[in-house]
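Beneath this line is the structure, given in structure tokens, with notes to follow.
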Amino acid sequence: MGISDRSAFFIRNFLRGILILAVFIALFILFKKFARPENFEFLKPIYDNSFLVFTIYTLSEIFFGIIPPEVFFIWSTSAKNLNTYIFDISVLAIISYMAGILGFWIGVKLNSTIIYRFIKRRYLIKYLKYLNNYGFFVIVVAALTPLPFSGISMLMGSVDYPFRKFWIYALSRFLRYGVYSIIFWEVNLL
């Protein structure tokens, strides 16, 4: 019995996510072990300003996840205690989810504009194929894997996907953030 296309699609993206996560964890461990804090003093004004970090993250998430979320998970590990860490990760998860909702509405409102047609042709066309083949499953896969969640969200809005279904399936984004937060916290304790 062969594996279904849907399963293969999920497994391929899941394995890519695991690989990216492993690379970030390895870099995080190496950084903690070998980096000299004084070489990174220039980042301290950004690093110590949660509002600025959340703003940068928000912009990144709205614009197709330019900076991988794992970078912000690493930033969150600098929390002085578990409660602060949980708060920071919760804010990151909410920002990511809301960026997906915003992307959905951008897709709804701008789907007939020249700018959106350019973005769609240039960046989203390959994901349209996935959408046609896998339907709502693409939302869940984008929420859990490195597929660009905001881009998929925008695409879903542009094809008039029902919003109620979208926001329910998009809630799976919180699962990724929950699992990743546990992993990064544990690695930070090594």
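Quick one: which helices (runs of 4 or more DSSP H) lie wholly within segment 74-185 and hold at least 3 residues that are over 24 Å from residue 21 (Cβ atoms)?
On the way: elements: 82-110, 114-119, 125-134, 137-144, 149-158, 163-170.
By residue number, 82-110, 114-119, 125-134, 149-158, 163-170.
Here residue 55 clears all of (1) in contact (Cβ under 8 Å) with a residue 12 or more places away in the chain; (2) within 30 Å of residue 138 (Cα to Cα) except the condition numbered (1).
When residue 26 is tested against (1) exposed (fewer than 12 other Cβ atoms within 10 Å of the Cβ); (2) farther than 23 Å from residue 190 by Cα; (3) among the hydrophobic types (A, V, I, L, M, F, W, C); (4) modelled with pLDDT of 90 or more, only condition (2) is not met.
Selection within segment 112-145: residues that are at pLDDT below 80 and touching a Gly at 6+ places or on another chain (Cβ under 8 Å). The member of this set that is farthest from residue 181 (Cα to Cα) is 116. Considering only residues that are of a type in the set (Gly, Ala, Ser) and more than 11 Å from the chain's Cα centre (by Cα), look in segment 68-107 and name the one that is nearest to residue 156 (Cα to Cα). Taking the candidates together, the pick is 107. Of the residues making up segment 35-57, none is in a loop (DSSP other than H, G, I, E, B) and either touching a Cys at 6+ places or on another chain (Cβ under 9 Å) or among the hydroxyl-bearing types (Ser, Thr, Tyr) (or both).
The values are calculated or read from the model by the stated rules, or taken from the named source; none is laboratory data. Predicted model, so just to flag it, every value in this text is computed and none were measured. Glycine gets a Cβ as well: all are built from the backbone with ideal geometry, and neighbour counts include every protein chain shown.
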